[in-house]
1. Select, from 55, 86, the only residue that is without any contact (Cβ under 8 Å) to a residue 40 or more places away in the chain, surrounded by 16 or more Cβ atoms within 10 Å (Cβ to Cβ) and more than 27 Å from residue 204 (Cβ to Cβ).
2. Tell me, which strands (runs of 3 or more DSSP E) wholly within segment 424-512 include 3 or more residues that are in contact (Cβ under 8 Å) with a residue 40 or more places away in the chain and within 30 Å of residue 306 (Cβ to Cβ)?
3. Is at least one residue of segment 332-345 crowded, with 17+ Cβ neighbours inside 10 Å, within 24 Å of residue 439 (Cα to Cα), in contact (Cβ under 8 Å) with a residue 12 or more places away in the chain and touching a helix residue (DSSP H, G or I) at 6+ places or on another chain (Cβ under 7 Å)?
4. When you go through (1) within 16 Å of ligand 2 (Cβ to nearest atom); (2) closer than 30 Å to residue 243 by Cα; (3) among the hydrophobic types (A, V, I, L, M, F, W, C) one by one for residue 164, which number turns out not to apply?
5. On the given criteria, is residue 126 under 23 Å from the mean Cα position of the chain (by Cα) and more than 16 Å from ligand 2 (Cβ to nearest atom)?
6. Does segment 139-155 contain any residue that is closer than 19 Å to residue 49 by Cβ, crowded, with 16+ Cβ neighbours inside 10 Å and in contact with a Phe, Trp or Tyr (Cβ under 9 Å, 6 or more places away or on another chain)?
7. Considering each residue of segment 145-162, count those that are away from ligand 3 (no atom under 16 Å from the Cβ) and not β-branched (Val, Ile, Thr), and give that number.
8. Could you tell me whether segment 116-132 includes any residue that is in contact with a Leu (Cβ under 9 Å, 6 or more places away or on another chain) and within 14 Å of ligand 3 (Cβ to nearest atom)?
Amino acid sequence: MAEMVKLFVNGQEVEVESGKNLIDAVSAVGIEIPHLCYHPALGADGNCRMCLVGIEDGRPPLVPACKTPAAEGMKVQLDAEHIKKIQRDVMELELINHPTDCPICDQAGECSLQDYYMKYDGQESRMTVPQVKKGKKLDFGCGVVHDQERCVVCGRCVRFTREITKTGELGIVNRTDAARVNIFPGQPLNNRYALNVVDLCPVGAMTSTDFRFKQRVWFLSKEKGICHGCSKGCNIFIDHNREKYKDEVIYRFRPRLNEEVNGYFICDEGRMTYKWENDQRLITPRANGSEAIKSAAVDSLRNAISQASKAVFLVSPSSSLEQQFAVKAFAEQAGATVLGFSDGYIKAGDGDDYLIQDDKAANRAGLALLGIDATREAFEAAMAEADLLVSFDNALGCSYDQDGLAKVLGSCTLAVIATNSDSLSEQATIAIPTASYSEYSGSIINCDNILQAFARAVVKNDPPEDIVEIVNRLGGELENNQQVWAALKKAVPTLAEVEPEQIPEQGLALTS
Ligand code: SF4
Ligand code: SF4
Ligand code: FES
């Protein structure tokens, strides 16, 4: 438990964490100190002077809040006229050469400069000389486009490449109103986390080629989610919108702070996995190798399972714990063999020592906890005798080449329950579309054994059912996540005391 201190802000007593800088300390109790260059992941640089505040203890008239630790009894002034004037003066300085780009700027609606102008400035420009012209639309690489005229030279992006990725591709060249951020000649951004500079930039100077001009941010609904791009399980915002007469579309993933998992950032590959939530979705059910309505496909699979003498249920290492357990329970009930073979998800050597993991499955730890065998040997031994394979969203096509897949399938009937259309779903006799992770609630366990819960973020016009619901329609006894958890707690000692609705925001470290 952090030590707390009492201090006064504009005469009002507040209790804050001792030692934190004033920006973070008072923001925890809902008081804003405007700032541009400070970011909690990058520390205080002290260059923008937007955070100047008064302290009534004989210090200089104004001090930067980003560099001033909260201390007992401190009297902080934010509303004195001379502080308001310095805020207006700093804003005026920042805006002297700033283009009036807000109507066409992606950052509008989530821009610190725009918001601070409305809150702390509001004056008309007094400039009568032409503005300094700088570079626009500069391709910095990795899908980052830079606008030097919008830049407030806060240095966050530069510090990110120096302190976080340690790749140092960005620098600030020249001084005064000629200062600008640039890459070194012929050396664009070249790191797997580069798009974080777009989020870090407090203004619209760093934009993403992927998101530029796609949506006004105030139209986006911003839900919490967890990236399923690898076993790290980084916390994200899922920004989506349903335009009139259309279906829900996800426009971007952005990092969401979780000190226990990913801190403030995510990797670029994970960020782009939102596309799989939108594109190449399996839409049309199939039964007996032909297009069918969903109920016919479900009936067909139910019959196939009841008639099979040796069925194999193959679960996905990215499915939620609830889904994995529901499939396992159904396999026991139906006399099928449940397995989790998924070698194709592992890209040996692809991970790094920061966030990115070799294992591109979000919940392989769930398979282990439930005792589901994920070895190739067990899968191939079971397949040698099987007459029905049901893939519960397992991307088996990644684990074999075409010949290998044909060999392992043999004459076995193939059924898939899948989110996306791929080579496996295309050759399946029975195919049932299912919800993807942005469309259902559940929990996953990451590579550090942290159990994290997530809620449904997106509701499609015609929402596909999630695997728990489909398994229930196939004859499984568990109807929903509540029933799954009741059974899970009894079956898995590690989860016996876990209340799913009380899993903390930062996740729950499992002890065994
Ligand atoms: S591009 Fe953005 S983050 Fe980088 S220095 Fe300019 S304003 Fe700051
Ligand atoms: S490190 Fe893994 S979990 Fe994190 S954003 Fe990247 S792919 Fe997603
Ligand atoms: S945030 Fe303190 S000087 Fe920039």
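1. 55
2. Result: 430-433.
3. Yes, because at least one residue in segment 332-345 is crowded, with 17+ Cβ neighbours inside 10 Å, within 24 Å of residue 439 (Cα to Cα), in contact (Cβ under 8 Å) with a residue 12 or more places away in the chain and touching a helix residue (DSSP H, G or I) at 6+ places or on another chain (Cβ under 7 Å).
4. (2)
5. No: the conditions fail for residue 126.
6. Yes, there is a match, as at least one residue in segment 139-155 is closer than 19 Å to residue 49 by Cβ, crowded, with 16+ Cβ neighbours inside 10 Å and in contact with a Phe, Trp or Tyr (Cβ under 9 Å, 6 or more places away or on another chain).
7. So the count comes out to 6.
8. Checked segment 116-132: at least one residue is in contact with a Leu (Cβ under 9 Å, 6 or more places away or on another chain) and within 14 Å of ligand 3 (Cβ to nearest atom).
Just so you know, all these numbers are worked out from the coordinates, no wet-lab data involved. Predicted, not measured: the structure shown is a model, and the values here were computed from it. Every residue, glycine among them, receives a Cβ derived from its backbone with ideal geometry; neighbour counts consider all protein chains shown.
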